[in-house]
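Below: the structure, in structure tokens.
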Amino acid sequence: MEQILDVVRGFDGVLELAPTEGSEFPEIAWGDHFFYYAPNGQVPQREQPYATIVTKNYPGDTRSDLDPPGRWRLNIHVGKDTFTKIIREDPRSAGTPKDLSEADVVFPHPVYGRQGWVAVVNPGEGTTATAIALLHDAHEAARRRCADRCREP
């Protein structure tokens, strides 16, 4: 996870939310990471994160089996075109793989796949380079959206 965190933290204008125990964020989010393009350091009002790292199962999202120690999932908003290129299906009609717990495999996000999100449990040798490229592209897409709606400092 540290390699992925180091890469994303190196992007210009990135805002990382990493809720910890006792913070103002809900307990379910403690230990997770949420990434925004926000050069002003403020969470965008009408923008979702472009990537997240989750370290546990969430209600309604348990099929990746993230509760055992050392398991985590990288989630990236890649959009329709990139999703289709990677998964080889349109996100609106893509099926959900049977095994969403397999590590080091890119698959449609178990909940947000239809919105153009992909996921990888414990990226490793087979997916880390792809994940880093997708994170870069997602960050750049968030930058373009910001340029359309806000002024950069």
Any trypsin sites (Lys or Arg not before Pro) in region 70-104 that lie in a DSSP loop and have at most 16 other Cβ atoms within 10 Å would be R88, R92, K98
The answer for chymotrypsin sites (Phe, Trp or Tyr not before Pro) in region 1-79 that fall in a DSSP coil and have at most 15 neighbouring Cβ atoms within 10 Å is W30
The farthest towards the positive end of the charge dipole of the chain, of the residues Y36, L100, A147, given +1 on Cβ of Lys and Arg and -1 on Cβ of Asp and Glu, is A147
Treating only Lys and Arg (+1) and Asp and Glu (-1) as charged, each at its beta carbon, one finds that the chain has a dipole about its Cα centre, in Debye to the nearest 20, of 620 debye
In order over region 41-56: 3J(HN,Hα) from phi, Karplus 6.51/-1.76/1.60, θ = phi - 60°, whole Hz, x for each Gly or Pro, gives x, 10, 4, x, 5, 10, 9, 7, x, 8, 7, 9, 10, 10, 10, 7
Longest the chain segment clear of GluC sites (Glu not before Pro) sitting in DSSP loops (not H, G, I, E or B) with at most 10 other Cβ atoms within 10 Å runs 25-124
Among beta bridges assigned by DSSP with both residues in region 2-149, the antiparallel ones amount in percent, to the nearest 5, to 95 percent
Honestly region 1-91 on the Cα gyration tensor test (a ≥ b ≥ c root eigenvalues; a/c under 1.5 rounded, otherwise a/b vs b/c for prolate or oblate) is just oblate
Quick calc, region 1-73, dipole around Cα centre from Cβ unit charges on Lys, Arg (+) and Asp, Glu (-), nearest 20 debye, gives 200 debye
For region 122-135, Karplus-derived ³J(HN,Hα) couplings (6.51, -1.76, 1.60; θ = phi - 60°; whole Hz; x for glycine and proline) come out as 6, x, x, 4, x, 10, 4, 4, 5, 4, 5, 4, 5, 5
Trypsin sites (Lys or Arg not before Pro) in region 5-64 lying in a DSSP loop, each with at most 12 other Cβ atoms within 10 Å of its Cβ, come to R46
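Rule-based calculations on the coordinates, nothing more; no lab input. This is a predicted model, so every value here is computed, not measured. Don't worry about glycine lacking a Cβ; one is built from the backbone with ideal geometry, like all the others, and counts go over all protein chains shown.
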